[in-house]
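Only one structure is covered here, and it is reproduced in the block below.
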Amino acid sequence: MILLLDVIGRLALWLVLAPLLPGIINKAKAWVAGRRGPPVLQLYYDLARLWRKGVVLSTLASPGFVAGPAVAWVAVTGAAMLLPLGPAGTVFGFRGDVLLLIYLLALARFATTWAAMETGSAFEGMGAAREVSYAVLAEATLIAAVLSLSVQTGSISLGTMLEPTVGPGAVLLAGGLFIVLLAENCRVPFDDPNTHLELTMIHEVMVLDHSGPPLAVILHGAALKLLLFAVLLTQAALPMGDLGPVAAAGALAAGVLGVTIGVGMVESLMARFAFRRVPLLLTIAFLLCVFALLVAWREGTP
Amino acid sequence: MTTGWMLALAAACGVAAIAAGPRSPRAWLGLNLGGTAAVLAAAVAVLGGASWEWRGGIAIGGEPLHLRLDALSAMFLALVAVVAGAATVYAAEYWPDRLYPDSAPRNRAWWSTLLLSLGWVLVSSNGLHFLIGWELFTVSAYFLITLDRARPEVRRAGWLFLVASHAGTACLFAFFATLAARTGSWDLGPMRDRAELAPLFWLVLAGFGVKAGIFPLHVWLPSAHANAPSHVSAMMSGVAVKMGIYGLLRFSGWLPVPAAAGWVVLGVGAISALLGIAFALAQDDLKRLLAYCTVENVGIILTGLGAALLAAAQGDAPWGRLALAGALFHIWNHAAFKSLLFFSAGSVLHATGTREMSRLGGLWRVMPWTTALFGLAALAVAGLPPLNGFVSEWLVYLGLFSAVAERGPAAWATLPAAIMLASAGALALATFVKAASVVFLGAPRSTAAVHAHECGPGMRGPMVLLAVICLGLGLVPALFWPALGRAAGVWHPAWVQAAAPAPLATLGVVQLVLAVGAAAATAWLWFQARGNGVRRGPTWDCGYVAPAARMQYTSGSFGGIVGGWFGWLLQPERRLRRPRGPWPQEASRVERIPETVLERVFVPAGSRVLQTAAVMRRLQHGRLQFYVLYVVIGLAALAALAVTGGRP
């Protein structure tokens with residue numbers, strides 16, 4: 001019974017809080033630019049509106065066009081449920097759950113790109129091809145980050161491996177993971193979520209043909225994925241082991257907020273990279289994680 | 001004893017099918033299905049714990065008959081039975097007398113020969129008999145690959161297969177002969193305590209590696225799998241390639257291995273996985289793509305085996321068991337989803353007459369079953385939860401990660417292997433999104449794709465069966481654990497694992513929840529959308545008004561980004577004719593991905609050998625006086641040698 005309540009509580013927390021993040025990013029960007037900006041809760045209004053709207057389906061689209069967003073959303077939600085939440089820990093951690101998390105994100109990518117390819121549009125094809133190609137580097141980086149955490153803690157389950165120590169390793173890891181966060185969530189400098197120049201986009205261009213409830217599910221899933229990465233990054237880089245439960249929860253929330261505002265700052269202060277430089281940046285992220293790995297290895301050697 | 005009778009019954013069915021098959025397709029179908037059912041029963045009995053051994057008084061080739069079925073060979077025998085049964089039914093509709101009056105009878109005879117020889121290889125426990133079965137297997141596979149021998153590329157593919165296979169068999173000849181010379185008998189069995197036999201492992205790796213298609217010995221595999229009829233491709237990729245793995249597992253388990261074996265196998269596996277899938281992503285031929293993906297999956301299996309060898313060499317570390325279990329499980333999983341993929345590709349080929357993905361597209365409307373089944377298999381082969389491919393890859397990863405977390409010396413190998421495997425996984429996802437979407441989604445790119453049709457029940461049935469197996473292996477993996485644990489126990493006696501590790505049971509539950517959740521969410525979303533009202537319209541495409549099917553992303557454009565990263569390996573050949581003049585007439589751009597390893601390494605090396613041989617041949621010209629001179633020179637040299645006593 002307690003387990004069930006725990007699951008429902010976490011699910012509600014994840015699902016309700018996720019759409020807050022894009023709102024905070026937009027507020028931060030508006031603040032830097034000296035504008036007032038859309039309300040923080042804007043995405044909630046958008047989701048509610050889209051959920052009630054009708055759907056226009058391409059004549060070429062198969063049922064997979066609607067199934068794709070649903071499967072991707074379930075996969076991201078499942079991945080989020082695996083993550084420990086600061087002092088509350090995990091609900092059902094097991095050895096190797098971190099790999100399930102990475103592969104659930106991959107499942108979400110499969111479903112999203114499948115749905116994008118349904119429309120037979122070259123734009124969506126471009127987006128899908130970019131998404132799956134850059135993910136190769138992002139996934140290698142993520143695995144390197146996870147390996148460095150497991151070298152550090154000697155564990156391969158999320159519940160116990162997210163206990164970083166203070167030091168250069170944590171900084172390197174935070175840098176690498178932050179770049180992966182930007183790439184996987186299609187933020188500047190990899191992608192520009194505001195542009196309407198479809199030729200330059202990854203994520204937005206894949207969902208051009210979606211409308212109504214499927215689009216709402218996609219937007220919510222994207223927000224959820226951003227929150228997931230922010231929580232993962234915070235717990236992977238911020239040592240919270242010695243804090244009390246309340247302080248740890250506060251630190252986690254502050255960390256997520258900090259990451260979100262950081263994304264907004266990057267977006268305000270940087271331009272999008274040319275596509276040929278994207279692999280370069282991801283390679284840098286990979287190297288940062290590999291260096292974090294080496295630092296962790298060296299520190300642990302007696 | 002029943003196991004023996006079941007195998008005898010299967011053998012009788014097989015022989016009868018060879019005899020009756022060419023004339024009566026019905027009898028052939030019945031006999032083959034009966035035989036595979038009997039084999040499956042025997043294999044399941046052995047996997048249940050009753051291993052079987054039989055020494056007969058009969059001698060073949062001067063060697064007494066010695067048959068043995070333990071959990072390891074039974075694992076492969078079960079695989080042969082299931083895939084062969086499905087492929088037999090599939091072949092009955094795919095390669096009927098009506099369409100192929102000339103080659104269909106041949107197909108039936110050689111097919112049954114192939115099944116019989118595969119079974120023989122798996123049960124025989126004598127080096128000589130093993131080699132006889134191995135050769136019969138190669139020859140029957142050759143005749144099956146070249147069923148459609150009117151086409152030159154089929155003959156070339158068959159020839160390449162035959163040459164490569166025999167290069168491998170030569171290593172195996174050397175291996176078995178040396179083994180027999182050192183032990184004094186052709187009889188096979190566990191010989192783990194004879195450390196002087198360890199170097200023979202390299203012959204095993206080379207000989208069986210060719211058949212398994214490890215990089216760079218995979219050169220025969222893409223063309224053979226692509227040009228064979230699809231039921232043969234499924235059998236080759238799902239089962240025949242696994243025979244190479246069987247040999248590796250068998251003899252690395254029975255014989256002692258050199259200290260470097262684990263490092264080498266792990267390295268070969270990780271490289272095969274990464275480079276195999278890089279080649280797969282660049283292909284435009286659907287079946288060639290699947291063939292290269294087989295190289296990747298063999299790489300995953302060998303990564304697991306390599307980690308197990310490392311663990312065994314380093315004091316029986318417990319993570320080796322996980323990696324070995326992952327490798328063993330992946331053997332089954334790969335057979336299930338890859339056969340399904342080849343069956344789907346065959347269904348597409350049957351319906352459209354082309355394997356070129358850039359000429360297909362939009363097939364989901366006319367081929368909904370094939371699309372759904374290919375999609376399911378694509379999810380499985382990309383190693384995504386909640387299907388079976390993920391479970392075995394996860395076990396392999398678990399082994400590699402645990403080795404890293406322990407920070408032993410093995411971590412130096414398992415750490416890069418884990419990163420390479422992760423990249424290979426992401427590339428596999430890209431490959432199969434491309435394959436599925438270019439072939440089945442979007443708008444048809446040619447008239448062949450417009451006029452396609454769904455395959456009949458005879459082809460659909462086996463495909464559904466394999467899809468159900470994929471789902472079953474993925475959703476209740478713990479059910480299959482006892483069999484895997486026993487097979488692991490045969491490989492390394494101390495590694496018998498009766499109970500599934502706790503995380504596997506949890507993973508099974510999570511997979512189930514995930515599958516149900518995904519289905520429920522899809523249904524909910526669909527009902528919500530339908531309740532709000534669904535309107536059909538042309539693709540929005542940013543308001544472009546005249547989209548054409550040829551503007552869609554093709555397989556080449558989809559794989560372009562990654563193809564650029566692997567340009568050093570793929571070395572694509574591009575021919576560009578630009579439009580010229582004020583009224584340009586025609587322009588073209590042709591891009592071909594060569595078989596780099598074959599065309600840039602093996603063929604030049606082969607022609608170098610031939611050139612050398614041609615130079616040497618000048619010595620032989622038929623002029624008698626020169627031959628006399630050779631003899632005189634030779635005699636003089638011998639005389640000089642005799643006089644000096646070999647000292648200069």
Original post:
Percent relative contact order of chain B, based on C-alpha pairs within less than 8 angstrom and at least six residues apart?
Top reply: 12
**OP:** Would you please name the trypsin sites (Lys or Arg not before Pro) within region B:544-615 that are DSSP coil residues with at most 15 other C-beta atoms within 10 Å of their C-beta?
**Re:** B:Arg580
Subject >> Using alpha-carbon coordinates, inclination of helix A:278-300 to the longest axis of chain A, degrees >> reply: 20
**OP:** Give me the net charge of A:Leu82's neighbourhood, meaning all other residues with Cβ under 12 Å from the Cβ of A:Leu82; Lys, Arg count +1, Asp, Glu -1.
**Re:** 0
**OP:** Counting only trypsin sites (Lys or Arg not before Pro) that are in a DSSP loop and have at most 11 other C-beta atoms within 10 Å, tell me the longest site-free stretch of chain A.
**Re:** A:37-302
**OP:** Return a whole-number percent for the relative contact order of chain A, with Cα pairs under 8 Å and 6 or more residues apart as the contact set.
**Re:** 29
Original post:
When a footprinting reagent is the concern and you count Cβ atoms within 10 Å, what order do A:Val278, B:Val163, B:Val643 take, fewest first?
Top reply: B:Val643, B:Val163, A:Val278
**OP:** Report the local net charge at B:Gly304: Lys and Arg +1, Asp and Glu -1, summed over other residues whose C-beta lies under 14 Å from its C-beta.
**Re:** 0
**OP:** Find, among the GluC sites (Glu not before Pro) in region B:582-614, those assigned to loop by DSSP (not H, G, I, E, B) with at most 10 other beta-carbon atoms within 10 angstrom.
**Re:** B:Glu586
**OP:** Please list, in chain and number order, the residues 5+ apart from B:Gly442 or on another chain whose amide H is under 5 Å from its amide H, with Hs placed from the backbone.
**Re:** A:Gly120, B:Gly362
Original post:
Hey, what number do you get for chain B at 222 nm if only DSSP H runs of n ≥ 4 count, each worth -39500 (n - 2.57), divided across all residues, to the nearest 500?
Top reply: -23000 deg cm²/dmol
Subject >> Ellipticity estimate at 222 nm from DSSP helix runs (n ≥ 4, -39,500 (n - 2.57)) divided over chain A, nearest 500 >> reply: -23500 deg cm²/dmol
**OP:** Give the long-range amide H neighbours of B:Thr539: residues separated by 5 or more places, or on another chain, with amide H under 5 Å away, using H modelled in the peptide plane at 1.01 Å from N.
**Re:** A:Thr59, A:Leu60
Original post:
Which net charge results for the neighbourhood of A:Gly54, defined as the other residues with beta-carbon distances under 11 angstrom from its beta-carbon, given Lys and Arg at +1 and Asp and Glu at -1?
Top reply: +4
Original post:
Each residue of region B:96-103 in turn: what ³J(HN,Hα) in whole Hz from Karplus with 6.51, -1.76, 1.60 and θ = phi - 60°, glycine and Pro shown as x?
Top reply: x, 4, 4, 8, 10, x, 7, 9
**OP:** Taking the Cβ of each residue in B:Leu387, A:Leu252 as the centre, tally the other Cβ atoms inside 10 Å and list the residues starting with the fewest.
**Re:** A:Leu252, B:Leu387
**OP:** Provide A:His220, B:His453, B:His621 in ascending order of the number of other Cβ atoms located within 10 Å of each residue's Cβ, fewest first.
**Re:** B:His621, B:His453, A:His220
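A short reminder: the numbers here are calculations on the coordinates, not readings from a lab. Values in this document were obtained by computation on a predicted structure and should not be read as measured data. Neighbour counts run over all protein chains shown; Cβ positions are idealised from the backbone, glycine included.
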